[in-house]
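S.K.: Can you keep this structure in mind? I'll have questions shortly.
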Amino acid sequence: MAKTHVTPVKGLTIPRLEFPSAVEGLNIALVIGRELEIDLREVTFHTDSQTVLRWIHSRTCRFETFVDNRIGKILRNTNRTQWRHVSGDNNPVDFTTYDPKNVDELVKYHEGPSFLKLDPSEWDTRKEIAELEENDVNVTRVFAVKTEDENLPINDCGRKYSSLLKIQRVVAWCRRFATNARAKMGPCKPTVGELTTEEMSAAFTICIKRTQALTFTEEIYTLKKNWELPLNSSLRIFSPFLDKVGQLHVGGRILQAPVDYSTKHLILLPANQLVTQRIVWEHHTRNLHIKLERLLTELRIRYWIISGRKVIKSVFNTCWPCKRRSSKPIQPLMASLPVHRLTPYLPPFTYTGVDYFGPLTVRVDGRECRHEKR
Ligand SMILES: [Zn+2]
């Protein structure tokens, strides 16, 4: 049984023209196998196209749809090992495109290549199949790009450094490096020397913004779009708004109050971020380890921390001076009582004792009569 196809007018590469012949061979095998009840797993397929063999034997590449669909069909019905190479000289398929010139060619066309008469173990068709070339046009290149949340580095800083000042300085130096790198490409001069107050302040603003963005992502996005906050948002009760630098503040009705802007509109801070803990710690140590309510009041001059008490308690748990101060002395275990104190039904004064232990108040005579503990 033989089948031929005419090359389509649409220009196709040689390997793409050869691949349908492999699929056609499979189709013929499916028909014959079904009709003659031959197990397809015992059939061996030969092709003289090295490229087609490479495609079929490839386990790692993803192909374009044209090749991928055909490989899928081949591998659904056959195993890779069933596909072997046959040299162009021994391949009788070419005779279907022109008339055999002599008897030998006619015999080869009808009987197939001579090695088929040998035992399959003696076939010289186990030609090593080379790996696909990198620039094969039919291989789809998949590029994986790893993206990282730009807010995460601030969390790393919080994990690395226990001091808010240190975090501020790290962010400020990074910011200066970026600014100087940009300045090299433009007319501006790079900044040198110690960090300035403005740089430290800008670094702190970045810390706050990134910390807020880690937890209040949806709320910030909603506010940027001038939409109403979702009903299930925990910030809804604060009527929050974004200031001109993008920090999230508490809204409210005390706009006319004669106090600072930062006190009227507190900066909202999430409870579960490390930078929030570092801010609480900074205020706690700067104010000489003040207690919970006082610290909360101090913080609320500038910040509103969600679940503030909980955050402060978690900071207190890590503060050794406070732990030492609030710890209670261990009560010593008392010895067992003597038998005469436990024996019932005895007349009074059967046992007597006097305790002279401890300081005694004595009268001291002098210019003035006074009492002292001695
Ligand atoms: Zn403390």
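S.K.: Going by what's in this entry, would THR297 be described as more than 16 Å from ILE208 (Cβ to Cβ) and among the polar types (S, T, N, Q)?
M.R.: Details: more than 16 Å from ILE208 (Cβ to Cβ): yes; among the polar types (S, T, N, Q): yes.
Spelling it out, THR297 is indeed more than 16 Å from ILE208 (Cβ to Cβ) and among the polar types (S, T, N, Q).
S.K.: While we're here: Please work out which one of (1) surrounded by 14 or more Cβ atoms within 10 Å (Cβ to Cβ); (2) among the hydroxyl-bearing types (Ser, Thr, Tyr); (3) under 26 Å from SER121 (Cβ atoms) is the condition SER21 fails and give its number.
M.R.: (3)
S.K.: I'd like the residue in region 179-192 that is surrounded by 10 or more Cβ atoms within 10 Å (Cβ to Cβ) and either not basic (Lys, Arg) or not in a helix (DSSP H, G or I) (or both) and, out of all such residues, is modelled with the lowest pLDDT.
M.R.: CYS188
S.K.: Considering TYR303, TYR351, which residue is away from the ligand (no atom under 16 Å from the Cβ), surrounded by 10 or more Cβ atoms within 10 Å (Cβ to Cβ), outside the structural domain of CYS157 (by TED's automatic domain parsing) and without any contact (Cβ under 8 Å) to a residue 60 or more places away in the chain?
M.R.: Numbers: TYR303 fails: outside the structural domain of CYS157 (by TED's automatic domain parsing).
Result: TYR351 is the single residue among TYR303, TYR351 that is away from the ligand (no atom under 16 Å from the Cβ), surrounded by 10 or more Cβ atoms within 10 Å (Cβ to Cβ), outside the structural domain of CYS157 (by TED's automatic domain parsing) and without any contact (Cβ under 8 Å) to a residue 60 or more places away in the chain.
S.K.: Consider SER336 carefully, then state whether it is over 14 Å from GLN273 (Cα atoms), within 14 Å of the ligand (Cβ to nearest atom) and among the small types (Gly, Ala, Ser). Give the derivation first.
M.R.: Values: over 14 Å from GLN273 (Cα atoms): yes; within 14 Å of the ligand (Cβ to nearest atom): no; among the small types (Gly, Ala, Ser): yes.
So SER336 does not fit the description; no.
S.K.: Among the candidates LEU268, LEU195, LEU214, single out the residue that is surrounded by 15 or more Cβ atoms within 10 Å (Cβ to Cβ), in contact (Cβ under 8 Å) with a residue 12 or more places away in the chain, in a loop (DSSP other than H, G, I, E, B) and away from the ligand (no atom under 16 Å from the Cβ).
M.R.: On inspection, the qualifying residue turns out to be LEU195.
S.K.: Further question: Scan region 225-245 and report the pairs whose first residue is among the hydrophobic types (A, V, I, L, M, F, W, C) and whose second residue is loosely packed, with under 13 Cβ neighbours inside 10 Å and not in a loop (DSSP other than H, G, I, E, B), with Cβ atoms within less than 7 Å and a gap of 6+ or a chain change.
M.R.: Cβ pairs passing all conditions: LEU242/LYS224.
S.K.: Another question about this same structure. Among HIS283, HIS289, which is within 12 Å of the ligand (Cβ to nearest atom), assigned by TED's automatic domain parsing to the domain that holds TYR261 and under 23 Å from GLN247 (Cβ atoms)? Give the derivation first.
M.R.: Working: HIS289 fails: under 23 Å from GLN247 (Cβ atoms).
Sole residue among the options that is within 12 Å of the ligand (Cβ to nearest atom), assigned by TED's automatic domain parsing to the domain that holds TYR261 and under 23 Å from GLN247 (Cβ atoms): HIS283.
S.K.: Only residues in region 275-298 that are among the acidic types (Asp, Glu) count as the first member; pair them with residues that are within 12 Å of the ligand (Cβ to nearest atom), Cβ under 9 angstrom, at least 6 apart or cross-chain, and list the lot.
M.R.: These pairs meet every condition: GLU298/HIS283; GLU298/HIS284; GLU298/ARG286; GLU298/ASN287; GLU298/ILE290.
S.K.: Further, regarding this structure: Return the total of residues in region 155-172 being buried (at least 16 other Cβ atoms within 10 Å of the Cβ) and among the small types (Gly, Ala, Ser). I'd like the intermediate steps shown before the answer.
M.R.: If we filter region 155-172 for residues that are buried (at least 16 other Cβ atoms within 10 Å of the Cβ), which is where we start, we get 155, 157-158, 161, 164, 167-172.
Now narrow it down to the ones that are among the small types (Gly, Ala, Ser): 158, 172.
The number of residues fulfilling the criteria is 2.
S.K.: Can you tell me which condition PHE357 does not meet? The list is (1) in contact (Cβ under 8 Å) with a residue 12 or more places away in the chain; (2) of a type outside the set (Gly, Ala, Ser); (3) away from the ligand (no atom under 16 Å from the Cβ); (4) more than 15 Å from THR276 (Cβ to Cβ), and all the others hold.
M.R.: Result: PHE357 fails condition (1) only.
S.K.: Next up: All but one of (1) within 34 Å of the chain's Cα centre (by Cα); (2) away from the ligand (no atom under 12 Å from the Cβ) hold for ILE312; state the number of the condition that does not hold.
M.R.: (2)
The values are calculated or read from the model by the stated rules, or taken from the named source; none is laboratory data. On a predicted model such as this, the values are computed, not experimentally measured, just so you know. Glycine gets a Cβ as well: all are built from the backbone with ideal geometry, and neighbour counts include every protein chain shown.
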